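Quick one: this structure, given as structure tokens, is what I'll be asking you about.
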Amino acid sequence: MQHITGIPRNQLFFSSLEDSISLENPVRFVEAFVEALDLGSLGFTVQTIKTEGRPSFDTKIFLKLYLYC
């Protein structure tokens, strides 16, 4: 009887998201641009709405998403 063989366990492949994005991809420009900005002087501040619960995301993440999308 035929069956599906699994992936050989002796083969390792390490990869990261950084390796899969080419150097010419526009997302790299957006990343460098937002990281170079001083968001505090532009009026972007972290606002704490509640004291309990999960902390908010970094403001730079939302700006990167907005510019890239």
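Which value at 222 nm does the chain reach when only helices count, each DSSP H run of 4 or more adding -39,500 (n - 2.57), with the total divided by all residues and rounded to the nearest 500 deg cm²/dmol? List each step's numbers first, then the result.
Values: 3 runs with 25 residues, N = 69.
Calculated mean residue ellipticity at 222 nm is -10000 deg cm²/dmol.
Which value in Å is the Kirkwood Rh of the chain over different Cα pairs?
Kirkwood hydrodynamic radius for the chain: 16.4 Å.
Shifting gears a bit: Give the carbon-plus-sulfur fraction of the accessible surface of the chain in %, rounded to a whole number; probe 1.4 Å, heavy atoms of protein chains only. Each step should come with its number before you reach the end.
On the way: 4230 of 6960 Å².
Of all accessible area on the chain, carbon and sulfur atoms account for 61 percent.
Taking a probe of 1.4 Å, how large is the accessible area per residue of the chain, in Å²? Write down the numbers at each step before the final one.
On the way: 6960 Å² over 69 residues.
Here the per-residue accessible area is 101 Å².
Here's something else I'd like to know. In the Gaussian network model of the chain, springs joining C-alpha atoms below 10 Å, which of Glu35, Glu52, Glu18 carries the largest mean-square fluctuation?
Highest fluctuation of the listed residues: Glu52.
The values are calculated or read from the model by the stated rules, or taken from the named source; none is laboratory data. Quick caveat, the model's predicted, so the values are computed rather than measured. Heads up: the accessible areas ignore ligands, DNA and RNA and are worked out on the full protein's heavy atoms, side chains in. Shrake-Rupley method; radii C 1.70, N 1.55, O 1.52, S 1.80 Å.
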